[in-house]
Amino acid sequence: RAEIRINKQGVIYKESKTFATMRTASNWLKKREAEIQDNPEIIKGKVEASKFTIGDLIQKYLDEVGDQYSITTIRSLRVLLKLPISKVSSDKFGAMNITEHVKSRKIGFPKLGLNPVSPSTILNELQHLKSVLNHARLLWGADIKYTEVIDGMLQLRKTRQINRGDTRDRLYERA
């Protein structure tokens, strides 16, 4: 087991991880200590994470791992950056914000040139947003009401506000 404990400026930071071998544990410790030294904001963790908006988290996610995903995912997250949902503080974000977003997307945003979209498109956006929130919660220590967001999405599915797209039958012609 590798363990890091830092007490700096009244903020106590603890992190531990279990490894199969001593060598991997010491390598992880060296790597993690270097990351913390390069970016001291990691120590502040949840204290500083509450200053982020959903838009900040999306942008940071795109900067960090955006090139690993499809164009559709990247476009979907960039659209979310333009919408009011991106202005909400991450520590106050919850099911009500998800519900408001769904209602707004069904109506559309004429000022932004965005037409109303189908429930399946909204579901895709929310799935991408959920990935961002989970990443921020686990890797950046963002204070997010993640279970409330998941429960909100489940309820929206039950009430059929969001759902999967219809399956398509395709006919193929022989050449």
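The values are calculated or read from the model by the stated rules, or taken from the named source; none is laboratory data. Everything numeric in this text was worked out from a predicted model, so none of it was measured. Backbone-built Cβ (ideal geometry, glycine too); neighbour counts: all protein chains shown. Side chains included, ligands, DNA and RNA excluded: accessible areas come from the protein's heavy atoms. Shrake-Rupley method; radii C 1.70, N 1.55, O 1.52, S 1.80 Å.
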Karplus-derived 3J(HN,Hα) from phi for the stretch 31-41 (6.51 cos²θ - 1.76 cosθ + 1.60, θ = phi - 60°), whole Hz, x at Gly and Pro, runs 5, 5, 4, 5, 4, 5, 5, 5, 10, x, 4
Residues whose modelled amide H sits under 5 Å from the amide H of residue 19, counting only those 5 or more places away in sequence or on another chain, are 2
Charge dipole of the chain built from unit charges on the beta carbon (Lys, Arg +1; Asp, Glu -1), centred at mean Cα; most positive-end Cα among 2, 107, 57 is 107
For log10 I(q)/I(0) by the Debye sum over Cα atoms at q = 0.09, 0.16 Å⁻¹, with candidates (1) -0.53, -1.03; (2) -0.35, -1.01; (3) -0.43, -1.00, the value calculated from the shown model is option (3)
Here FRET efficiency (C-beta to C-beta, residue 111 to residue 51, R₀ 25 Å, nearest 0.05) is 0.35
Expected vector for the stretch 131-145, Karplus 3J(HN,Hα) from phi with 6.51, -1.76, 1.60 and θ = phi - 60°, integer Hz, x for Gly and Pro, equals 4, 4, 4, 5, 4, 5, 5, 7, 9, 10, x, 5, 8, 10, 7
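Please report, as a whole percent, how much of the solvent-accessible surface of the chain comes from carbon and sulfur atoms (probe radius 1.4 Å).
Roughly 50 percent, rounded to a whole number.
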Given pairs 30/82; 14/82; 17/87; 106/130; 106/145 and cut-off 31 Å on Cα-Cα distance, the over-length ones are 30/82; 14/82; 17/87
Once amide hydrogens are built 1.01 Å from N within the peptide plane, the residues lying 5 or more places from residue 109 or on another chain with amide H under 5 Å from its amide H are 114, 115
Any residue on another chain or 5+ positions along whose placed amide H is under 5 Å from the amide H of residue 53 is listed here as 90
Highest mean packing first, using Cβ neighbours within 10 angstrom, the peptides 27-33, 141-147 sort as 141-147, 27-33
Zone reached by a paramagnetic label modelled 7 Å from residue 103 Cα along Cα→Cβ, restricted to the stretch 137-156 with backbone N below 18 Å, covers 149, 152-156
Per the rule of 0.36 nm per residue minus the C-alpha distance, extending residue 130 to residue 174 adds in nm 11.7 nm
In order over the stretch 103-115: 3J(HN,Hα) from phi, Karplus 6.51/-1.76/1.60, θ = phi - 60°, whole Hz, x for each Gly or Pro, gives 4, 5, 5, 5, 7, x, 10, x, 4, 9, x, 10, 6
Whole-Å distance linking the alpha carbon centroid of the stretch 59-104 with that of the stretch 107-125 is 13
Only helices counted: for the chain, with every DSSP H run of 4 or more residues adding -39500 (n - 2.57) and the sum spread over all residues, [θ] at 222 nm is -17000 deg cm²/dmol
Taking 0.36 nm per residue of separation between residue 63 and residue 20 and subtracting their Cα-Cα distance, the length gained on full extension comes to 12.3 nm
